[in-house]
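A short write-up of the structure that comes next.
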Amino acid sequence: MNENITGPTEALISAFQKFIQDDALRIVETEALNHFQNSFVNQGFTDKSLVKWPERKIPQRKGKPITGKTLEKWKAKDKGRALLISHTGDTKGTHMANSIVGEREPGKVTIIVDKPYAQVHNEGLQAGRPPGFTMPQRQFVGPSEQLEQKIQAKFEKEIDKLIKKF
């Protein structure tokens, strides 16, 4: 049996195909970018729930924590400063958050962070500091249950709108 589908059903199928090819990828990209950039606002990563980033450690000189006036200056400069964000007035301050971009290809979305130091922060790897220094993990990109739920909810909303048109 070979029947052609015409009329409203054909239009609905065509609309679904467009949704899957274009709109679904746009939704995934937008939701992912918002979710990952919010890590910097929330000062932590949200998978099932928000996991706050570890605080900054007091700097050391010659293997010992700074003290006295140097410590007070550091505390004053650091007060209220978010993690992974530079000092007030530093134009580099939000480069990592702003470097999160999405790339859409047929059937997939790739999230890219175009900073060489991003992986070190995201995964907590050894950095180019004193030998043996490991950067504390401050994850801001990765698999997230809440992100999946946001995407699914957005899909359901958009599909409902699509169906109501027919």
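Read-outs: derived from the displayed coordinates by stated rules, not from any lab. Keep in mind that what you see is a predicted model, and the values were worked out from it rather than measured. Heads up, the Cβs are rebuilt from the backbone with ideal geometry, glycines too, and the neighbour counts pull from every protein chain shown.
Structural remarks
- Length gained when the stretch Lys57-Gln126 is fully extended (0.36 nm per residue, less Cα-Cα span): 23.2 nm
- Modelled spin labels at Ala11 and Asn42, positioned 7 Å past Cα toward Cβ, are 4.1 nm from each other.
- Estimated FRET transfer efficiency when R0 is 25 angstrom, pair Tyr117-Thr67 (beta carbons, to 0.05): 0.30
- Listing Ser144, Ser99 from fewest to most neighbouring C-beta atoms within 10 Å gives Ser99, Ser144.
- Sequence of Val101, Val28 once ranked by neighbouring C-beta atoms within 10 Å, starting from the fewest: Val101, Val28
- The string of couplings for segment 103-118 from the Karplus curve (6.51, -1.76, 1.60, θ = phi - 60°) is 10, 9, 10, x, x, 7, 10, 10, 9, 10, 10, 8, 9, x, 8, 4 Hz, one whole number per residue in order, with x for Gly and Pro.
- Legend: distances between Cα atoms for Lys48/Lys73; Lys57/Lys115; Lys52/Lys108; Lys48/Lys164; Lys52/Lys150; Lys18/Lys48; pairs beyond 26 Å are Lys48/Lys73; Lys52/Lys108; Lys48/Lys164; Lys18/Lys48.
- Once the gyration tensor of the Cα atoms in segment 125-166 is diagonalised, the equivalent ellipsoid follows with semi-axes of 45, 8, 5 Å, ordered largest first.
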